[in-house]
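A short write-up of the structure that comes next.
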Amino acid sequence: MKTGITGLWVALGCAICSIVWAQPREFPVRPVRLVVPVPPGGSLDVMSRIVSPKWGEIMGQNVIIDYRPGANTIVGSENVARAPADGYTLLINTLPFVVNPSLYPKMPFDTERDFAPVSLLGSSPFVLVVHPSIPAKSVKELVALAKAHPGKLNYSSAGNGSNLHVAAELFKNLAGVNIVHVPYGGGGPALIAMLNGETGVSFLSLVAVTGHIASGRMRALGITTAKRSKVTPQLPTIAEQGVAGYDFGAWFGVYAPVATPAPVIKTLNDTITRALRDPQVTERFDKEGAELVGGPPSVLAAHLKAELALWAKVVKSAGLRID
């Protein structure tokens, strides 16, 4: 009998061990892929590179940046929407994510239905810049120049519906000027076009151009948001300089495929939150002129819904269109 009892306990112990070993290891067990749906060099790229090293360190797995540019972030976004919902393929996106549904008659995914919000990272103002060859030293001078020579100035953007495109078209609408749109395949190429003098005007993320402004390779005329930037407090806003009502800024959020399990979303959000609180990360945010936001997934979900409604109205009222 004693032997039988011993054998029973051994059998039970083996069964328990098999159950324990059968349980999946806690997420994550391999690197996480963060899809950046634009080419290198733009604000999304900069934001990704600021956050991902510390985020990966906290998770215990590398966060690998995967560039999937195309169709104003639609290509990369669709790649994530169709990916396995296991937390290992994520998307970082900004304004085109909420503008595209109002610009394009047909989309390969639904922005709300096909994605699970993970975390809002931060926001950043844009800045109206001109090439040094453009004589304007202020927004008022640029408006006067554009009105005196309609259709002669051009501006670079990251493509139809991009932050840069929307910011410029709002400016044109409110200022009553005709500046020709030259779309490029991302914020990086649009920035290079400005530096090379291919285009004379652009609305670029402060995150991406602070160094170029300081070096004199481009001239900053005004901040796009309603308030001045703490990084460049001496630079007046566009609204201050006569374009009443002008207010534009970018925000950055991380998303997963919609069916990603709630515990995985929680782990991703918790680790991002810890990364955003790291002194080195907050210092980089401050240096680049970005404002740290963070928050639970519900904050990004509410923000996403509000932005979709807002930009549907803006696209219609401003007459924004695909060139």
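The values are calculated or read from the model by the stated rules, or taken from the named source; none is laboratory data. Remember, predicted model here, so these are calculated numbers, not experimental data. For neighbour counting, all protein chains shown are included, and Cβ atoms are generated from backbone atoms with ideal geometry for every residue, glycine included. Side chains are part of the model used for accessible areas, which takes the heavy atoms of the whole protein and leaves out ligands, DNA and RNA. Shrake-Rupley method; radii C 1.70, N 1.55, O 1.52, S 1.80 Å.
Data overview
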item	result
Furthest towards positive pole of dipole, Met194, Pro96, Gly42, structure part the chain, Cβ charges	Met194
Segment 90-185 - charge dipole about Cα centre, Lys and Arg +1 at Cβ, Asp and Glu -1, debye rounded to 20	420
Cα convex hull of segment 30-79, projected area averaged across orientations, nm²	3.3
For the chain, share of DSSP beta bridges that run antiparallel, in % to the nearest 5	60
Over segment 49-166: Rg over Rh, Cα atoms, Kirkwood Rh	1.08
Accessible area of segment 199-244 divided out per residue, in Å², using a probe of 1.4 angstrom	40
Estimated inter-spin distance, Leu195 and Asp110, nm [label 7 Å along Cα→Cβ]	4.2
Cross-link pairs beyond the 21 Å C-alpha cut-off, checked among Lys140/Lys172; Lys140/Lys227; Lys54/Lys287; Lys172/Lys305; Lys106/Lys316; Lys172/Lys316	Lys172/Lys305
Nearest-20 debye value, the chain charge dipole, Cβ charges on Lys, Arg, Asp, Glu	200
Segment 98-108 - phi-based ³J(HN,Hα) in whole Hz, Karplus 6.51/-1.76/1.60, Gly and Pro as x	9, 8, 3, x, 8, 9, 9, x, 9, 10, x
Accessible-area composition of the chain, carbon plus sulfur, in percent [1.4 Å probe]	59
Long-range amide H partners of Arg68 with built H, under 5 Å	Val36, Val38
Sequence-distant residues sharing a close amide H with Gly222 (under 5 Å, placed H)	Leu128
Residues Asp278 and Lys316, FRET efficiency given R0 of 41 Å [Cβ-Cβ distance, rounded to 0.05]	0.50
Positive-end extreme of charge dipole, the chain - chosen from Tyr184, Gly222, Ala275 (charges on Cβ)	Gly222
For segment 221-231, 3J(HN,Hα) per residue [Karplus equation, 6.51 cos²θ - 1.76 cosθ + 1.60, θ = phi - 60°, Hz, x = Gly/Pro]	9, x, 7, 7, 7, 5, 10, 5, 7, 5, 7
Semi-axes of the equivalent ellipsoid for segment 178-232, Cα gyration tensor, largest first, Å	19, 14, 11
Distribution of pairwise C-alpha distances over segment 60-125, 10 Å bins, in %	17, 54, 26, 3, 0
Rg in Å to one decimal, and Dmax rounded to a whole Å, for segment 197-259 via C-alpha atoms	14.6, 48
log₁₀ of I(q)/I(0) at q = 0.22, 0.26 Å⁻¹ - segment 248-294, Debye sum with one point per alpha carbon	-0.85, -0.99
